[in-house]
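The values are calculated or read from the model by the stated rules, or taken from the named source; none is laboratory data. Every value quoted in this text rests on a predicted model; they were computed, and no experiment measured them. Here the Cβ positions follow ideal geometry from the backbone for every residue, glycine too, while neighbour counts run over all protein chains shown. Surface areas here come from the heavy atoms of the whole protein model, side chains and all, with no ligands, DNA or RNA. Shrake-Rupley method; radii C 1.70, N 1.55, O 1.52, S 1.80 Å.
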Amino acid sequence: MQHYDVIVLGTGGAGYQVAMKAKQAGWSVAVVNDGLAGGTCSVRGCIPKKVLAGTAEVIDTNRRLGDSGIMNHQPGVSWSDLIAFKRTFTDSVPGSTEKALTDAGIDLYTGSSKFVSNLTLEVNGDTLSAKKIHIAVGATPAQLSIEGAEHLINSDDFLELNDLPKRIVFVGGGYVSFEFAHVAARFGADVTILHSNETPLTMFDQDMIQSLLEASKDIGIQVELHAGVSKIAKTGDTVTITTTDGRTFEADAAVHGAGRTPAIADLDLAATGVEFDLRKGVLVDEHLRSVSNPDVYAAGDAAAAGPPLSPVAGVQGGIVAENLLGGDATQPSYLSTPSVIFTTPVVASVGYSEVAAKDKGFDVDVINTDTSTWFDAKRVGQKFSKSKVLVEKGTNKVLGAHLIGNHAEDLINIFSLAVELGLTTKQLKQPIMAFPTASDDMRSMF
């Protein structure tokens, strides 16, 4: 049996820095990683996704300018070249991550892990124990109780498709479905999204989502609501998806887009006395310490703490590292943490929703603005563009913002700063900003 000061499960944003900082402090450290090193974001998540989405945005801008008579000849596009370009961002990450860990003197174990007793793990026949354990294993596609679910490919598979299928059905109306559907459609695929109820992407303002549904329809994406899937079958190269109301959809590929859950189901956390929720993750306190075993920490998508976003995982990894080394860091509120859907147009949200603000007892002005005729939208023909800003009556503090349109992913960060610091609308309007820019336009949204 090998014994360490700390064992870190996972090499993404929530785990890597914990291992490195503990090693720098003189601790003996082991890292266990199942799959490609580097974490979801760098290898198979937000980074490669944004590469694909950025190209799709260029294609759509050209299309819209073509509708205006400016771009008379649309450029050709190559899916295989896009995937090759994507790999220039991702292929080196696993090797460089492993090298950095081993060069630091950290023992690296590759494979699935399972607790066999308190603070003791088994990894590919090796038994490891530690004074402290940090769980940062990320998330995995949710298990679906659908007959034939094994015929679905997941987001990892989609990002490695050298050839884009002509017909694609996305099962579930989550981030993955809408973001990848918007990319695939702009590369010529016939795309359908099947969602089980009437409200996809419920974590976002539904007025913005309604505009996203209209934008999706505008580029030929078929979004079917109240279309829960009951069966998936494959005959030859054709996948047939049957909904609970008896409708059938045929495709060349069907993609799992029904959400992700913490990748903790196979860890046997009970063996180390760790309480958990399979849908939410390891139950932790404000210090990201297990509520039932003080020698175990968890962060990122594996922890029941904060939204499952890459920046959150990074912040939480820093908190765990500090606390392992004797600190007393606590989780932030996450209220000012923005969420973004990288479709075209982009949808972004931060702070309170209308419902949440009223539930909290705030008296708010809800300022809705159609920004589709504003300069930044009009110059590139973006007709799906609007904002909703929540301002507290009396104080004029910005409590929340919800956007769809050009540069929403950047504009939301300004609103994030306002929510975090309790800024008023007057304070947000005070700086003289560069013109003409979307940031300057932002000051007219409230």
* Can you give the calculated 222 nm mean residue ellipticity of the chain, where each DSSP H run of n ≥ 4 adds -39,500 (n - 2.57) and the sum is split over every residue, rounded to the nearest 500 deg cm²/dmol? -> -9000 deg cm²/dmol
* Asked: Taking the chain as a Gaussian network, where each spring joins two C-alpha atoms under 10 Å apart, which residue of 74, 222, 331 fluctuates the most?
  -> 74
* Residues listed by number, the range 418-446, amide nitrogen under 19 Å from residue 368 label point at 7 Å toward C-beta -> 444-446
* Quick one: length gained pulling residue 163 to residue 210 fully straight, 0.36 nm per residue minus the C-alpha distance? -> 13.8 nm
* Ordering 342, 375, 89, 115 by how much accessible area each has at a 1.4 Å probe, largest first, what is the list? -> 375, 89, 342, 115
* Quick one: if you stick a label point 7 Å off each Cα along the C-beta vector at residue 233 and residue 393, how many nm between them? -> 5.9
* Asked: Under a 5 Å amide H to amide H cut-off, with H placed in plane at 1.01 Å, what residues pair with residue 28 once short-range neighbours are removed?
  -> 5, 6
* Asked: What length, rounded to one decimal in nm, is gained on full extension from residue 379 through to residue 143, with 0.36 nm per residue of separation minus their alpha-carbon distance?
  -> 80.5 nm
* Structure fact -> The local net charge around residue 116, scoring Lys/Arg +1 and Asp/Glu -1 for residues other than residue 116 whose Cβ lies under 12 Å from its Cβ, equals -2
* Calculated FRET efficiency for the pair residue 72/residue 325, C-beta based, R₀ 60 Å, to 0.05 -> 0.45
* Solvent accessible area, Å² - residue 420, 1.4 Å probe, full protein context -> 110
* **From phi via Karplus (6.51, -1.76, 1.60), per-residue ³J(HN,Hα) for the range 53-67 in Hz, x at Gly/Pro** => 5, x, 5, 4, 5, 4, 4, 6, 4, 4, 4, 5, 5, x, 4
* To do: Could you tally the net charge around residue 269, taking each other residue with its Cβ under 12 Å from the Cβ of residue 269, Lys/Arg +1 and Asp/Glu -1?
  => -3
* **Dipole of the chain [Lys/Arg +1, Asp/Glu -1 at C-beta], most positive-end residue of 177, 105, 408** => 408
* Asked: What residue among 355, 18, 123 has the largest mean-square fluctuation in a Gaussian network model of the chain, using Cα springs under 10 Å?
  -> 355
* Accessible surface of the range 374-425 [probe 1.4 Å, protein heavy atoms]: carbon and sulfur percent -> 51
* Asked: What is the mean projected area of the alpha carbon convex hull for the chain, to one decimal in square nanometres?
  -> 23.4
* To do: Once you've got the Cα coordinates, tell me which of 50/383; 23/131; 166/231; 360/386; 358/388 are over 18 Å apart.
  => 50/383; 166/231; 360/386
* Spatial separation of Cα centroids for the range 412-446 and the range 252-296, in angstrom -> 38
* Asked: How would 4, 334 line up by accessible area, probe 1.4 Å, largest first?
  -> 334, 4
* When the chain is treated as a GNM, springs tying every alpha-carbon pair under 10 Å, which of 232, 70, 221 comes out with the largest mean-square fluctuation? -> 70
* Asked: How high is the FRET efficiency from residue 84 to residue 64, r the C-beta distance, R0 25 Å, rounded to 0.05?
  -> 0.40
* Ranked by accessible surface with a 1.4 Å probe, highest first, in what order do 88, 40, 371 come? -> 88, 40, 371
* Asked: Which part of the range 240-273 falls in the paramagnetic zone of residue 3, meaning amide N under 20 Å from the point 7 Å along Cα-to-beta-carbon?
  -> 272-273
* Rg(Cα) of the range 296-423 divided by 2.2 N^0.38 Å? -> 1.23
* Compute the signed sum of charges (Lys and Arg +1, Asp and Glu -1) over the other residues within less than 9 Å, Cβ to Cβ, of residue 390. => -2
* Spin-label proximity, residue 197 to the range 208-229 - amide N less than 13 Å from point 7 Å beyond Cα toward beta carbon -> 226-228
* Contact order normalised by residue count of the chain, Cα under 8 Å, 6+ apart, percent -> 15
* Check the straight Cα-Cα distances from residue 49 and name the lysines below 16 Å, setting aside those fewer than 8 residues away within the same chain. => 86
